[in-house]
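Peer 1: Okay, here's the structure, questions in a sec.
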Amino acid sequence: QVQFVESGGGLVQPGGSLRLSCAASTRIFSLRAMAWYRQAPGKQRELVATITPGGTTNYADSVKGRFTISRDNARNTVYLQMNSLKSGDTAVYYCNWSGAPGSWGQGTQVTVSS
């Protein structure tokens, strides 16, 4: 069973930046599209960004222009660079397959607050 281990979250002031990482324990990482999701308190989990094996990206409108998803297939790792953070970005962030998520990891908490 594939495991996803997210890291890099923390407390940051509005306007600040964070870089999240997610390591996947699978040999097929390079063959599948990956995604970052987030779940804010009291809300449903939502899709934030996706990246294909070849590097084509897509973003939710709420993060477009501020977040950048990337991947390193040699390291089985996907990243999320988050800039110009807002209080509305506060959530637990998860990575998983794009389109057909498998088991969820523990996620990494991102809190944007002054």
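The values are calculated or read from the model by the stated rules, or taken from the named source; none is laboratory data. Nothing here was measured: the structure is a model prediction, and the numbers come from that model. All Cβ positions, glycine included, derive from the backbone under ideal geometry; neighbour counts span all protein chains shown. These area figures cover heavy atoms from the full protein model, side chains too; ligands, DNA and RNA do not enter into them. Shrake-Rupley method; radii C 1.70, N 1.55, O 1.52, S 1.80 Å.
Peer 1: With the other protein chains left in place, how much accessible area per residue, in square angstrom, belongs to the chain at a 1.4 angstrom probe?
Peer 2: About 53 Å² of surface per residue is accessible.
Peer 1: P(r) for the chain: what percent of alpha-carbon pairs falls in each 10 Å bin, starting at zero?
Peer 2: 15, 51, 29, 5, 0
Peer 1: Let me ask you something else. Show me, for region 8-24, the HN-Hα J-couplings you get by feeding each phi into the Karplus relation (A = 6.51, B = -1.76, C = 1.60, θ = phi - 60°), rounded to Hz, glycine and proline as x.
Peer 2: With the stated coefficients, region 8-24 comes to x, x, x, 9, 9, 7, x, x, x, 10, 9, 10, 8, 10, 9, 9, 10 Hz.
Peer 1: Something else about it: Ignoring everything but the protein chains, give the 1.4 Å probe accessible area of TYR94 in square angstrom, nearest 10.
Peer 2: Counting only protein heavy atoms, the figure is 30 Å².
Peer 1: With every protein chain in place, what's the accessible area of LEU47 (1.4 Å probe, Å², nearest 10)?
Peer 2: 90 Å²
Peer 1: Related question: For an R0 of 22 angstrom, estimate the FRET efficiency from the Cβ-Cβ distance between ALA60 and SER87 and round to the nearest 0.05.
Peer 2: Efficiency computed from Cβ-Cβ geometry: 0.85.
Peer 1: Under the definition of Cα pairs under 8 Å and six or more residues apart, what whole-number percent is the relative contact order of the chain?
Peer 2: Taking the mean separation of contacting Cα pairs over the length of the chain, I get 37 percent.
Peer 1: For region 35-83, what's the relative contact order in percent, using C-alpha pairs closer than 8 Å and at least 6 residues apart?
Peer 2: The normalised contact order for region 35-83 reaches 25 percent.
Peer 1: While we're here: Percent of accessible area on the chain owned by carbon and sulfur, 1.4 Å probe?
Peer 2: Ligands and nucleic acids excluded, carbon and sulfur give 46 percent.
Peer 1: Taking a spot 7 Å from the Cα of THR68 along the direction of its beta carbon, which residues of region 81-100 have an amide N less than 15 Å from it?
Peer 2: Backbone N within reach: 81-85.
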